[in-house]
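K.L.:
Let me begin by handing over the structure; questions about it come next.
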Amino acid sequence: MFSFFKRKKPSSVETGQQGSATPDEGSLSDQGLPEPQPTVEGPAEDAHPQQPLENAPIPEPLVEREAAQAPVDLLAPTALPAADTVQVDVAIQADIPGPAPELPSHTPMPTPEPSPDTPMPAPAEIEKSSWLTRLKKGLSRTGQNIGGLFVGVKVDESLFEDLETALIMADAGVEATEKLLTALRARVRKEKLSEAGQVKAALRDILADHLAPLEKPFPLGKASPLVIMIAGVNGAGKTTSIGKLAYAFQAQGAKVLLAAGDTFRAAAREQLMEWGARNNVTVIAQDGGDPAAVAFDAVNAGRAREASVVMVDTAGRLPTQLHLMEELKKIKRVIGKADGAAPHEVLLVIDGNTGQNAIAQIRAFDAAINLTGLVVTKLDGTAKGGTLAAVAAGSQGVRPVPVYWIGVGEALNDLQPFVAREFAAALIGD
Ligand SMILES: Nc1nc2c(ncn2[C@@H]2O[C@H](COP(=O)(O)OP(=O)(O)OP(=O)(O)O)[C@@H](O)[C@H]2O)c(=O)[nH]1
């Protein structure tokens, strides 16, 4: 549910003020880039006091919004803002309370007195173990299907046959399944493994090694601002992931700026603004118009404000919608006009429930915009998780694009870096 943004009525907007630099590629030709046009600042009334809003020409509707001037108390109960017009084509009140973010549940529990003999786990350890529990829970369907095969059985050919079926059912695909089972048979022979538990441990190691090439730390400090373009099919979790990443990057000390490049769906822009408010970061938005313009302005704004990260959201699209795939290529090209080395990272967000279709998505988006990484969401619920094994195997000609993060829920800390060993353990129910 989106909050209603209360329109702040700026007392004035500077006459003739233009909005975004147009992303029209004609005007962004190699002959010379247009000077980035001034943008309408969030708290515009202080900046441009000369002319009443009613009489002012409506500027090109670029909005640069300081998402929240007062830090948002993430744990505070949500006070619904007074419902008013949703307007983002002029300055928006900066201190609108957004809805409370989904935070890890904080159920008050009676705290037992720590015994002097019992070492207390460090907060980081608690956080880690809770993440692993959630990952395991998210992948429990596959975990039970595969892990259950090793209970009370002999190590014989029928175990391998059942494993083959379970891996295929988990969306691992034929290539990965064959590769994994060939390696497992060889290990069983070589090490003369006779216990089902030993075979399970061997499978976990082989799977972890198989997935390891997909594990890569995200190069947050590679450039400044690091421009990250985010793409994916409709509803994959792009905007939500951007919000979670903004939170995570800020926690690492980064200064984040967001670009509402999904100009197709108005609610997506508002959704991103909510995330901006929650994280207290600037959001560059435009009412309708060209997503490339928003991206272009955001990169320039990021540089001017010395942001360390600029994340550009884009509208969801299917690889079969060729004109929309062309639009995505254009956004990428125009970002490159604002900064020759950008976008530094091009991420595809994939819904973990998509199964083998994820492979087709990766192939198509990779061909269009040359992906640098994946974010796999919704590995909770019905996701089977084996798709990552298929990606690692280069199934159906897919390039094994690194998986930077995986998501197992809607809470802020439900998106975490992909760790092959943890994922492999969860997949086999360990
Ligand atoms: N269960 C679960 N839900 C998620 C996860 N990530 C995102 N979602 C939910 O998925 C839904 C769609 O997420 P969005 O971020 O709006 O997806 P989008 O890709 O930006 O959508 P479009 O802009 O329409 O293409 C929202 O309800 C999110 O809360 C996840 O890891 N687990």
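K.L.:
Mind checking the dipole of segment 226-417: about its Cα centre, +1 per Lys or Arg Cβ, -1 per Asp or Glu Cβ, Debye to the nearest 20?
P.N.:
Roughly 340 debye for segment 226-417.
K.L.:
Would you please give the residues with an amide H less than 5 Å from that of VAL227, counting only those at least 5 places away or on a separate chain, with H modeled from the backbone geometry?
P.N.:
VAL310, HIS344, GLU345
K.L.:
Which order results if THR263, THR382 are arranged by neighbouring Cβ count within 10 Å, fewest first?
P.N.:
Fewest to most other Cβ atoms nearby, the residues stand as THR382, THR263.
K.L.:
Can you work out the Karplus-derived ³J(HN,Hα) for every residue in segment 400-413? Use 6.51 cos²θ - 1.76 cosθ + 1.60 with θ = phi - 60°, whole Hz, and x for glycine or proline.
P.N.:
Listing the rounded values in order: x, 6, x, 9, 7, 9, 10, x, 10, x, 9, 6, 4, 9 Hz.
K.L.:
Under the √(5λ) rule applied to the eigenvalues of the Cα gyration tensor, what semi-axes describe the equivalent ellipsoid of segment 131-214? Give them in Å, descending.
P.N.:
20, 15, 13
K.L.:
Next question, about the same structure. Could you put MET229, MET325, MET169, MET311 in order, starting from the residue whose Cβ has the fewest other Cβ atoms within 10 Å?
P.N.:
With the sparsest Cβ surroundings first, the list reads MET169, MET325, MET229, MET311.
K.L.:
At 0.36 nm per residue, and after removing the present C-alpha to C-alpha distance, how many nm does the segment from ARG333 to ASN357 gain when stretched out fully?
P.N.:
Full-extension gain reported as 5.9 nm.
K.L.:
Here's a follow-up. With a cut-off of at most 12 other beta carbons within 10 Å, and DSSP calling the residue loop, which trypsin sites (Lys or Arg not before Pro) in segment 374-430 qualify? Please list them.
P.N.:
Nothing satisfies the criteria.
K.L.:
Calculate log10 I(q)/I(0) of segment 266-419 for q = 0.15 Å⁻¹, where I(q) comes from the Debye formula with a single equal point scatterer on each Cα and nothing for solvent.
P.N.:
-0.90
K.L.:
What trypsin sites (Lys or Arg not before Pro) does segment 149-194 have in DSSP loop regions with at most 15 other beta carbons within 10 Å?
P.N.:
Those that pass, being in a loop and sparsely packed, are LYS154, LYS192.
K.L.:
Near LYS200, which lysines are there with a Cα under 21 Å away, not counting those fewer than 8 places off in the same chain?
P.N.:
The qualifying lysines are LYS136, LYS137, LYS154, LYS179, LYS190, LYS192, LYS384.
All of the numbers you see were taken from the coordinates with simple rules; none came from a lab. Keep in mind the model is a prediction, meaning the values are calculated, not measured. Note: ideal-geometry Cβ built from the backbone for every residue, glycine included; neighbour counts use all protein chains shown.
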